[in-house]
Amino acid sequence: MTESTPAPLHWKLVVDAGDPHAQAEFWAAALHYEVEDNDSLIQGLLEHGALPREATVGFRGRLAFRDLIAVRHPDDPYDERSGTGLGRRLLFQRVPEVKTVKNRLHLDLHAGEGEMQNEVARLTGLGASALREVKEPSGHWVVMADPEGNEFCVQ
């Protein structure tokens with residue numbers, strides 16, 4: 001009897017947000033990802049009485065969940081019926097409290113050779129803030145914050 005290697009787990013990174021739709025817009029633009037379109041899933045849930053209308057909002061001319069929305073890598077597979085990504089995803093969920101302390105987990109964006117400052121400028125134009133530039137023997141990067149203050153780095 002041979003042991004088989006278990007399949008890797010599918011996962012997504014969940015980010016608490018005061019305004020999940022604005023965060024999704026920012027991160028989709030920042031990462032060149034796509035905002036998931038869950039309109040057909042939501043329509044089906046509404047038709048079957050499995051979701052109250054007040055749990056939805058209009059977003060980009062379609063229905064979206066009021067309290068959560070995800071962005072996905074454009075090359076990764078997704079379920080065409082639900083619009084839900086099956087690969088690399090960030091899910092933004094509404095929470096009532098504001099961010100108060102430093103992240104315990106953050107994204108590092110790799111801009112490419114010689115492109116760090118251009119990427120910092122692009123992200124600043126999208127609504128991010130440059131917090132500080134770090135130059136150490138181990139590397140050079142800029143610590144930034146997204147529109148809700150979540151830290152991330154650009155290398």
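The values are calculated or read from the model by the stated rules, or taken from the named source; none is laboratory data. None of these values were measured; they are calculated from a predicted model. Backbone-built Cβ (ideal geometry, glycine too); neighbour counts: all protein chains shown. In case anyone asks, the SASA skips ligands and DNA or RNA and just uses the protein heavy atoms, side chains included. Shrake-Rupley method; radii C 1.70, N 1.55, O 1.52, S 1.80 Å.
Quick notes
- Test: LEU109 is under 14 Å from the mean Cα position of the chain (by Cα) and at pLDDT below 95: no
- One residue stands out among those in region 1-28 that are over 10 Å from the mean Cα position of the chain (by Cα) and within 22 Å of ASP75 (Cβ to Cβ): the one that is most open to solvent (accessible area, probe 1.4 Å), which is TRP11.
- Output for region 70-87, where each listed residue is surrounded by 15 or more Cβ atoms within 10 Å (Cβ to Cβ) and either within 13 Å of the chain's Cα centre (by Cα) or at negative phi (or both): ALA70, VAL71, ARG72, HIS73, TYR78, SER82, THR84, GLY85
- Put simply, of ALA24, ALA55 the only residue that is modelled with pLDDT of 95 or more and under 26 Å from PHE152 (Cα atoms) is ALA24.
- Checking each residue in region 24-47 for being in contact with a Phe, Trp or Tyr (Cβ under 6 Å, 6 or more places away or on another chain) and either part of a strand (DSSP E or B) or without any contact (Cβ under 8 Å) to a residue 12 or more places away in the chain (or both) picks out no residue at all.
- Residue in region 119-131 that is open to solvent by 80 Å² or more (accessible area, probe 1.4 Å), closer than 30 Å to GLY44 by Cα and touching a strand residue (DSSP E or B) at 6+ places or on another chain (Cβ under 7 Å) present: no
- Test: residue in region 48-59 that is in a helix (DSSP H, G or I) and open to solvent by less than 60 Å² (accessible area, probe 1.4 Å): yes
- First in region 133-146 and in contact (Cβ under 8 Å) with a residue 40 or more places away in the chain, second anywhere and part of a strand (DSSP E or B) and open to solvent by less than 100 Å² (accessible area, probe 1.4 Å), Cβ under 9 Å, 6 or more apart: ASP146/VAL15; ASP146/SER129; ASP146/PHE152
- Identity of the residue in region 88-97, surrounded by 10 or more Cβ atoms within 10 Å (Cβ to Cβ) and of a type outside the set (Phe, Trp, Tyr), that ends up farthest from the chain's Cα centre (by Cα): VAL95
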